[in-house]
Every structure is written in C-alpha cells, then in structure tokens.
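The values are calculated or read from the model by the stated rules, or taken from the named source; none is laboratory data. Note that this is a predicted model, so its numbers are computed, not measured. With ideal geometry, Cβ positions are generated from the backbone for all residues, glycine too; neighbour counts draw on all protein chains shown.
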Amino acid sequence: MLDVWDQPAAAAHLDKTAIEHEAARAWVERELSTVDRELAAYAERYGVPHPDGLERLIASGRIDGHPAWEDRLDWGNLLVYRERLVGMAGSRP
C-alpha cells in the first residue's frame, strides 16, 4: 500500500522523510503567519500590544467587556499557540 508521501517524494526525487519534514515546516510557517496576522489585528483593534493591556482597559471601564473579554481570551490563547508553533519551527522568533 502506498503512503501519501510516496508519490510526491518520487516526483521530487527526494526521500519520503524529507518531503514529510518540508510539509510540516511549511504548515508551521503558514500557521505562524496566520497567527501573527490575528495577533496584529487584536493589537490594532484595541490599541494595546498585549492582551493584558486589553484586560486593563476592560477593568477600567474604557472598553465594554463584551465582546472584548472574549477577544482577550482568544488573544491570550493565540499567544500560547504561537509559542508552541515557534517551538515546532525551532528558529523563528
């Protein structure tokens, strides 16, 4: 039975493992780009560079808690996810 990577590896004249690693690297890079865009959108939307700043804006009453609190949670989760992706990539800051 053929593995999903056999045909691309043969077409590229590369080892199947090399194709797998390249595919994983490309996926991580694409995910990082997507996450970075989402993080930048939150920073621009709320005018603060970090979700803690958004939390302070909510606590001070300068921003309504809904939907900002959900955005704060999503923003924080994106930062955690980004750290995991960077760990997978190994070298991207």
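Checked against the criterion of being of a type in the set (Lys, Arg) and within 30 Å of Val4 (Cα to Cα), the candidates Arg30, Arg45 yield just one match: Arg30.
Do you know which residues across the range 35-50 are of a type in the set (A, V, I, L, M) and closer than 16 Å to Glu83 by Cβ? Val35, Leu39 - these are the residues of the range 35-50 that are of a type in the set (A, V, I, L, M) and closer than 16 Å to Glu83 by Cβ.
Within the chain, considering only helices (runs of 4 or more DSSP H) that don't extend past its boundaries, which have at least 1 residues that are free of Cβ contacts under 8 Å to residues at least 12 places away in the same chain, aromatic (Phe, Trp, Tyr) and surrounded by fewer than 13 Cβ atoms within 10 Å (Cβ to Cβ)? Outline the logic, then answer.
Details: elements: 6-12, 16-46, 51-60, 65-89.
Ranges flagged: 16-46.
In the range 1-24, the qualifying residues are those that are in contact with a helix residue (DSSP H, G or I) (Cβ under 7 Å, 6 or more places away or on another chain) and not acidic (Asp, Glu), and the one that is farthest from Glu83 (Cα to Cα) is Ala12.
Here Gly53 meets the list (1) closer than 16 Å to Leu85 by Cβ; (2) at pLDDT 95 or above almost entirely, failing just condition (1).
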